[in-house]
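Student: This is the structure I have questions about; it appears just below.
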Amino acid sequence: MTTTISTADGEKVMEDKAYIEAAALLQILEISLKRGEVLRWLKNTSERLTNAAISESASSNMIHRLIKIIQEEFAAKKKIENSASSNLPAHAPSRLDSTELGIVDFTEEVPDLRSDILNAILDLSAELESSGENIAEDAEKHIHQQDVILTVGKSRTVEKFLVKAKAKKRRFEVIVATCGPFYTGREMAAQLKNRYKIPVTLMEDTGVFSVMSRVSKVIIGTHTILANGGLKAIAGCHPILLAAKHYNVPVLVLAPIYKLSPDYPSSNNVKIANRFVSPENLVKYEDLQVMNNAHVYATVFDYVPPELITLFIFNM
Amino acid sequence: MIWNDVEVGGLMASGLALEDRGGDEEGRNVLQTLASIKSQISSVLGLLQTAHVSAEGAAAAAEMSSPSATVATTLPVDESEAISRDDVKAQREAKKAAKAARKNKSLGGESVTADGNKTISTPKNNAPKEKKEKVSNPVGGPKVHKEQNLSKPDSNKPSKCEDKAEEVSQEKNPPAKPTNTPAKIKESIEAVPEPEVVNAKSSATIEPAPKPRPTFESLVEKVHPKFRELGLKYSNYILRGSNQRTIALLSTTKSYILGYRTPEGKGFKQDLSSQLQFYYEKLKLYRPYAVGMTTAVEGVNAAIRALEEGMSDPQYKEELEEWVDRFIEEKITKAVEAIAEKGAEKIREGDTILTFSLTDAIYETFKLAGESGTRFNLVLAITKSDHYLAEYTQLKQAMGGDVLKSQVNISCINLSSIMSFISSVDKVFLGGHALFTTGGVMAHAGASTVALCASHHNIPVIFFCETYKFCDKSPTDAFYSDVFPENKFGLAVDKEVGVEDDEGLTVARICYDVTPVDLVTCVITDIDMLPSSSVPVVLRVQESRPLTKCL
C-alpha cells in the first residue's frame, strides 16, 4: 500500500493506487460486513496511506469521496425506508447535509446497500479512467488559432488537452518551460513534437519572464488543489505564474477532481509541506568537493496562491 | 571546441615570433604561412577522405581521434608554451579525420526508436554539440543502417546531411521528401547567420563545395593574431564577465598600438583607427560584445580622434597607452572598489542575502564584508548551467576560504525553488550587465524572475553596475538583441538561438534578460546609489565631460 515513487509526476502512481483501492474495496464488500465497519476501515486506510506518503494526497481524497458516497447512499436508503409518507422525494441524496447524517446510525442493516455502493465505486473508477479525455473536451474552446501556449513541466493532462486542440485543427505553438529539480519538460517537449507534431520550443524557466509578453495563455497541470483554491504544483510554477500575472496572461489549470484536497495551506499542515530531494540534476557530486561549504537544496513543490489563477478546468 | 584549440596552438607559435614587433606586415606574413599550411592539410585530407569512406575506416579514425582529442584538450592556452608547426599539422589532420569519421557515423545514423519513430542524429556541424562531444549513436552499427536506408527510400530525412557532406557520396538515398520538421529546423539554422557555428566544419576546408558559403576562417582571415587569440578566448568562455572581457579588449588594443607601425603614405590616426575598427568588427563574430565593451570601443575611437596633429608616432602611442590605462583604472578597477564599499555597507550582521548573476562588483562586495567581520547568510540561486562552480570558486577566491567558512553560511538553491525560500531573505543582490535609458537592467537570464519574486514579497532588489555599462539604448520589453537576427521570439541570446538538439527539439537558450524598472529598488554604481531611471542623466553628464580629457 505504500507508495514507492514519490515524484512530482506522482499522479500516475496515485491513480493506480486509487484503482487498487477501489478493487480491494470491491472485494471486501463482497464479504458482508456491517456498514459501520466499512466506514471505519476506510478511515483507517486513509490515515495509513497519508502517513505512508505524506505529500501524496490523491488516494486519501478518493477515499474521502468514497466515504461520502457510502454515507449518502446509506442515508438515502434509510430515508426511503423510514419516511414513505414524507414530503421529500424518494431520491434526494443531494439534499442531505451533515446534520442529518450526523444522527444516522450506520450500524443498521439496510438492504441492497452493497450493490449501490459497488455501482458507485465502478462509477468512480470510470471517472478516473476518463478524466483526461473529459478535461480535453473543452480544449477547442480555450485554444485559438495562432495561440502561443506556455506550459510547465510534464503533465499528461495538459498533453491530452493540447493534442485534442490540435486534432480540432487549431494551429498553435507551445513553449515548454522546464523546471528543476527533475527537468521533465524535456520529455514533454519531445513527446509533443515527435509524436503529435505540435511546434514546440523548449526553454528553462529562467527565460520565461523574457518571453511572457509573447505568450497568449499559460496552461499547466498541478499536483494538488488545496482547499483555499491554491495549488501545490511543481517547483518553478509560482515564479512563472507571477510573471503571467505581471503581463496579464490568463492561466488555466487543468486538473481531475481527485486532485481536490480538503487541506488548507498552513504552516502546521504537514500534508501540504514541501519535500526535499537530491539535487543531483542541478549540482554534480564531484563539484560538491569544491563547494564544500555550501548546502544545496532542491525542493519538489511550490505553493501557488489562488489569485494567480484565472480558471480551473475539471473533468466534470 | 577542438578546432579552436588547434587554431590557438598554431597562432601561439606564430604569435611568439611576433610579440615584440607587431604591426601589419608581420601579421600578413603569418597569415600567409597559415594559409599554406591549410592548403597542404586539405590535400592530405583529400587522400584521407577517400581512404576512410568505409565504416571500418571510421573505426580506425575513431582510434586516431581519441589521442588527438586528448591532445586537443590539453593544448595550453598559456603563451609560454611553444608548439611546433609539425605537431599542429598532425593534430589538424587527426582532427579532420575524426570529423570525417563522425560524419560517416552520423550519416548512417538514423536510429529507429522503440515506438517506430525516426529520429535524426544530426551531423555534428554545430559547435555547441561539439562541445558536448556526444554522439548519439545509432541503434545498430553504421553498416546496418546503411542497409536500412537503402531499403527504405521513402522514409529517411537526410536532407541536411546531404547538403553538408556532398563529397561523401556513399549514401545513395534519394533526396528526402520535405517533411515539416527537418525543413523547419534547416530554415531556422540557415536563417541565423552564424558562420562560426554552422560553417566551422563546412566543406570548404575539406573539399570545395559547389556553392561555397563564407566560412568563419575566411571571414577572420585578415585579423591580427592578437585579436584572433582574444576572440578565441571569448568564444571558449575562458574570459568571462563583462569587466574581464573589457580589460582584455583594452589590453590587446594597447599592445597592438604599441607594436603598430604606420604603413607608407598613410597617416597614423586614420590608419590606426580604420585597422582597429576592422578588428573590432571581426571580434564580434567570435562572441557578441558585452555592452561595456561597446563603451570602451567608442572611447578608444574618440581618444584616437582627439589626438593632436603633428606629434610623432611614439608620442601618440604614449598618449593612447596612458588613456587605456586610465580607463581601466578609473572605469573598471576603481569603480568596482567604490561599488563594493557602498555594497558592503548594505550587508548587516545576520542578514540573509539572495544573489544571482554574480559579477566582479558583487564578489568584491562580499570580500569587503568578509574583511569587516560581518557574519551573514548567503543564498546562491543556481540554474542548470555550469556556471555555479565558477561562481563559487570565484567567491571563494575573492573572500578567502577561511573567511567564507567561518563567516558566511552559504546555501545553494535552484532558481525554480526560490519562492519556497524567499520569505527568509532580507535583500537581493544582482549583478547587472548593462543599464538602459528606460531604467531596465540587463542581467543573466533569470534575474528578472528573481527580481519579480522578491518585489512580490517587498524585498529590496539591488543591482550592481559600473557606469561604463550604461547604454543609450531603450528596449521596451525583456529583450535586447544586437547581433543575431531574432527568431520569432526575438530572444536575447549570446551564441545559440533555436539550436537543434539531439532529439530534434528546438531549444531556446536565453542568456540575458532585461528587468523592468519597477522591479528594481536601486542600482549601486561607482558614482552613487542611484535609481535605475537615472541613466539618461549620468550619460548626459558624461557626454559633457569627454572621455579623453577627464574621466
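Student: How would you classify the stretch B:216-333 from its alpha-carbon gyration tensor, with a ≥ b ≥ c the square roots of the eigenvalues: rounded for a/c under 1.5, else prolate if a/b is greater than b/c, otherwise oblate? Could you put the intermediate results ahead of the total?
Tutor: Details: a/c = 2.18, a/b = 1.30, b/c = 1.68.
The shape class here is oblate.
Student: In square angstrom and rounded to 100, what buried accessible area do you get between chains B and A, total over both, with the probe at 1.4 Å?
Tutor: Numbers: alone 25430 and 16570 Å², together 37560 Å².
Using a 1.4 Å probe on protein heavy atoms, the buried area is about 4400 Å².
Student: Could you work out the percent of alpha carbon pairs in the stretch B:298-353 separated by over 12 Å, rounded to a whole number? Present the calculation step by step, with values, prior to reporting the outcome.
Tutor: Values: 1127 of 1540 pairs.
Result for the distance tail: 73 percent.
Student: Residue B:219 versus residue A:40, label points 7 Å from Cα toward the beta carbon: distance in nm?
Tutor: With each label placed 7 Å out from Cα toward Cβ, I get 8.0 nm.
Student: Ordered by residue, what ³J(HN,Hα) values in Hz, to whole numbers, does the stretch B:297-302 give under the Karplus form 6.51 cos²θ - 1.76 cosθ + 1.60, where θ = phi - 60° and Gly and Pro are x?
Tutor: Residue by residue, the stretch B:297-302 yields 5, 4, x, 4, 4, 5 Hz.
Student: A further question follows. Please list the non-local residues whose amide H lies under 5 Å from the amide H of residue B:412, H modeled 1.01 Å from N, same-chain partners needing a gap of 5 or more.
Tutor: Residues meeting the amide H criterion: A:295, A:296, A:297, B:380.
Student: How much of residue B:456 can a 1.4 Å solvent probe reach, expressed as accessible area in Å² and rounded to 10?
Tutor: Only protein atoms counted, so the area is about 100 Å².
Student: Would you calculate the separation in nanometres between label points at residue A:51 and residue B:266, each defined as 7 Å from the Cα along the Cα-to-beta-carbon direction?
Tutor: 8.6
Student: Which entries in B:99/B:282; B:226/B:266; A:217/B:346; A:164/B:384; A:245/B:284 show an alpha-carbon gap greater than 28 Å?
Tutor: Numbers: B:99/B:282 26 Å; B:226/B:266 22 Å; A:217/B:346 40 Å; A:164/B:384 32 Å; A:245/B:284 37 Å.
Cα-Cα > 28 Å for A:217/B:346; A:164/B:384; A:245/B:284; rest within.
Student: Can you pull the accessible area of residue B:349 for me, 1.4 Å probe, Å² to the nearest 10?
Tutor: Residue B:349 exposes around 120 Å² with every protein chain in place.
Student: A further question on this structure: In the calculated pair distance distribution of the stretch A:138-313, what percentage of Cα-Cα distances lie above 30 Å?
Tutor: Working: 3047 of 15400 pairs.
For the stretch A:138-313, the fraction of Cα-Cα distances above 30 Å is 20 percent.
Student: Got a sec to turn the phi values of the stretch A:254-261 into Karplus ³J(HN,Hα) couplings, 6.51 cos²θ - 1.76 cosθ + 1.60 with θ = phi - 60°, whole Hz, x for Gly and Pro?
Tutor: Values per residue, Gly and Pro as x: 9, 7, x, 5, 6, 8, 6, 10 Hz.
Student: Taking θ as phi - 60°, what are the ³J(HN,Hα) couplings along the stretch B:420-437 by the Karplus curve (6.51, -1.76, 1.60), each to the nearest whole Hz, with x for Gly and Pro?
Tutor: Working through the residues one at a time gives 6, 10, 5, 6, 9, 9, 9, 9, 10, 10, 10, x, x, 8, 7, 10, 10, 5 Hz.
Student: How high is the FRET efficiency from residue A:281 to residue A:167, r the C-beta distance, R0 45 Å, rounded to 0.05?
Tutor: Numbers: r = 34 Å, r/R0 = 0.75.
Result of the calculation: an efficiency of 0.85.
Student: Rounded to whole Å, give me the distance from the Cα center of the stretch B:235-288 to that of the stretch A:131-151.
Tutor: If we compute the Cα centre of each part, the gap is 54 Å.
Student: Using a simple spin-label model with points 7 Å from Cα along the Cα→Cβ vector, what separation in nm is obtained for residue B:238 and residue A:140?
Tutor: 6.0
Student: Based on the Cβ-Cβ distance of residue B:518 and residue A:67, what FRET efficiency does E = 1/(1 + (r/R0)^6) give at R0 = 45 Å, to the nearest 0.05?
Tutor: Working: r = 50 Å, r/R0 = 1.11.
Using R0 = 45 Å, I get an efficiency of 0.35.
Student: Taking only protein heavy atoms into account and a 1.4 Å probe, give the accessible area per residue of the stretch A:138-313 in Å². It would help to have the intermediate numbers written out before the result.
Tutor: Numbers: 6690 Å² over 176 residues.
That works out to 38 Å² per residue.
Student: Amide H neighbours of residue A:175 under 5 Å, counting only residues 5+ apart in sequence or on other chains, H built in-plane at 1.01 Å?
Tutor: Distant-sequence amide H within range of residue A:175: A:149, A:150, A:151, A:201.
Student: Enumerate the amide H contacts of residue B:430 below 5 Å, restricted to partners 5 or more residues apart or on another chain; note that Pro and chain-start residues carry no placed amide H.
Tutor: B:462, B:463, B:464
Student: Specify whether the C-alpha gyration tensor of the stretch B:276-429 places it in the rounded, prolate or oblate class, a ≥ b ≥ c being the square roots of the eigenvalues: rounded for a/c under 1.5, otherwise prolate if a/b is larger than b/c and oblate if not. Walk me through the intermediate numbers first.
Tutor: Numbers: a/c = 3.26, a/b = 2.06, b/c = 1.58.
Prolate shape, in that a/c is at least 1.5 and a/b is the bigger ratio.
The values are calculated or read from the model by the stated rules, or taken from the named source; none is laboratory data. Since this is a predicted model, take the numbers as computed values, not measurements. Every residue, glycine among them, receives a Cβ derived from its backbone with ideal geometry; neighbour counts consider all protein chains shown. SASA here: full protein model, heavy atoms, side chains in, ligands and nucleic acids out. Shrake-Rupley method; radii C 1.70, N 1.55, O 1.52, S 1.80 Å.
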